[in-house]
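Below is one structure, written out as structure tokens; comments come after it.
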Amino acid sequence: MQAVTNAIQDRMGPLPTAAKPEYKHREDGSTMKALAWFGNNDVRVVDAPIPDITEDNDVILQVTGTTICGSDLHLFHGEIMTMQKGDILGHEFMGKVEKVGKNFPDRLW
């Protein structure tokens with residue numbers, strides 16, 4: 001079944017995702033290490049632009065620790081049809097607040 005799903009996805013081409021690929025990044029061109037998906041069972045550590053605040057509710061965290069969880073296996077094995085080569089992975093992490101949008105009062109940090 002997975003082979004059929006992958007063949008359909010290849011034929012359909014890139015699909016829109018919730019993330020904006022043209023996200024704003026720091027003007028100084030600084031980069032960070034990130035884990036990116038490139039296909040079934042193919043993830044790589046890449047240098048990616050460090051994002052910047054684009055919305056008033058945004059928070060930028062400097063990741064200090066991370067891990068994977070069971071749902072990451074669906075991404076790793078290519079079972080999520082909206083994945084596009086180069087998508088950055090990760091949702092199980094902790095870190096320190098580096099920058100916040102306008103909707104966050106200074107007194108919290």
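For GLY95, the residues 5 or more places off, or on other chains, whose built amide H falls under 5 Å of its own are THR64.
Here's the picture: a label point sits 7 Å out from the Cα of PHE38 along the beta-carbon direction, and within the range 65-89 the residues with their amide nitrogen under 13 Å of it are 85-87. Around the amide H of ASP52, modelled in the peptide plane, lie the amide H atoms of LYS24, HIS25, ARG26, all under 5 Å away and 5 or more residues distant in sequence or on another chain. In summary, the lysines within cross-link reach of LYS33, defined as a Cα separation below 20 angstrom excluding same-chain residues under 8 places away, comprise LYS20, LYS24, LYS85, LYS96, LYS99.
Taken over the range 29-89, the alpha-carbon convex hull comes to 115 cubic angstrom per residue.
Computed from the coordinates by the stated procedures, all read-outs in this text should not be read as laboratory data. Quick caveat, the model's predicted, so the values are computed rather than measured. Heads up, the Cβs are rebuilt from the backbone with ideal geometry, glycines too, and the neighbour counts pull from every protein chain shown.
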